[in-house]
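The values are calculated or read from the model by the stated rules, or taken from the named source; none is laboratory data. Quantities reported herein were computed from a predicted structural model and do not represent experimental measurements. For neighbour counting, all protein chains shown are included, and Cβ atoms are generated from backbone atoms with ideal geometry for every residue, glycine included. Surface areas here come from the heavy atoms of the whole protein model, side chains and all, with no ligands, DNA or RNA. Shrake-Rupley method; radii C 1.70, N 1.55, O 1.52, S 1.80 Å.
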Amino acid sequence: MGEEKSNERIRDAERTIALLKRATVGQLITNGYAGLSILPILKKAGVSRGALFHHFPTKDHLIAAAFGDLLVEFAGQLHEIASRLRKGEITLEEFVSETGDTIASDLFVGCMEIALGIRAELTLSSLVQEAVADWRQSLFEFWDNTFELPGYDQEQRSDHWAMASNVLRGYAFSTSFGAAPQARERLMRGFPKLFLEAAVIRPANERVVSINTKSKS
């Protein structure tokens with residue numbers, strides 16, 4: 001009986017944490033980092049202030065936890081697109097289109113809002129360091145596990161895919177400010193020429209082990 005109650009408390013705690021993080025993400029996307037307020041988060045999550053600070057010592061801890069979830073969801077969507085390309089379920093053109101849409105989605109807006117906050121808040125910056133390092137590694141693996149670049153060494157691959165990611169981030173920024181329809185046309189026409197002409201799609205059954213580009217202390 002005691003174990004059953006203990007498991008129930010754990011489930012309740014996990015549900016409360018998930019609700020708080022989800023409400024925080026919604027606030028970030030709707031109001032931005034500067035407009036983030038605890039009261040609307042509590043109302044949306046249906047959680048008391050005491051419960052919030054029981055699980056998260058400060059607002060920054062809550063934001064950092066929500067940021068980690070955002071990055072994991074972001075990475076999962078990208079890797080799903082890559083998997084479908086390798087299986088032949090989508091074309092290269094569809095891959096570029098879906099990747100561009102994912103990068104330009106509300107997930108990106110939420111991530112960028114927190115990224116802006118990191119610049120001003122040293123505590124928040126410290127709390128998200130590991131999540132950011134994991135995201136950078138996952139983003140490299142998204143490209144490197146999807147495409148082979150014949151004749152490129154590890155450093156060249158890393159630089160190549162970093163530039164590709166930066167171009168997509170620029171596209172996402174432009175769409176977030178109401179870019180003209182031509183922006184998408186330019187992406188679809190120019191991105192494959194710049195970054196994918198030398199790339200070969202890896203077969204679905206190829207097991208890829210990327211070199212870990214992240215250093216752990």
Which condition from (1) farther than 29 Å from residue 161 by Cβ; (2) out of contact with any helix residue (DSSP H, G or I) (no Cβ under 6 Å at 6 or more places or on another chain); (3) in a loop (DSSP other than H, G, I, E, B) is the one that residue 15 breaks? (3)
Just to be sure I understand, how many residues within segment 169-217 are part of a loop (DSSP other than H, G, I, E, B), modelled with pLDDT of 85 or more and open to solvent by 100 Å² or more (accessible area, probe 1.4 Å)? 2
Determine if segment 158-165 includes at least one residue that is part of a loop (DSSP other than H, G, I, E, B) and either in contact with a Pro (Cβ under 7 Å, 6 or more places away or on another chain) or aliphatic (A, V, I, L, M) (or both). no
Count of residues meeting criterion [farther than 18 Å from residue 124 by Cα and buried (at least 18 other Cβ atoms within 10 Å of the Cβ)] in segment 43-74: 4
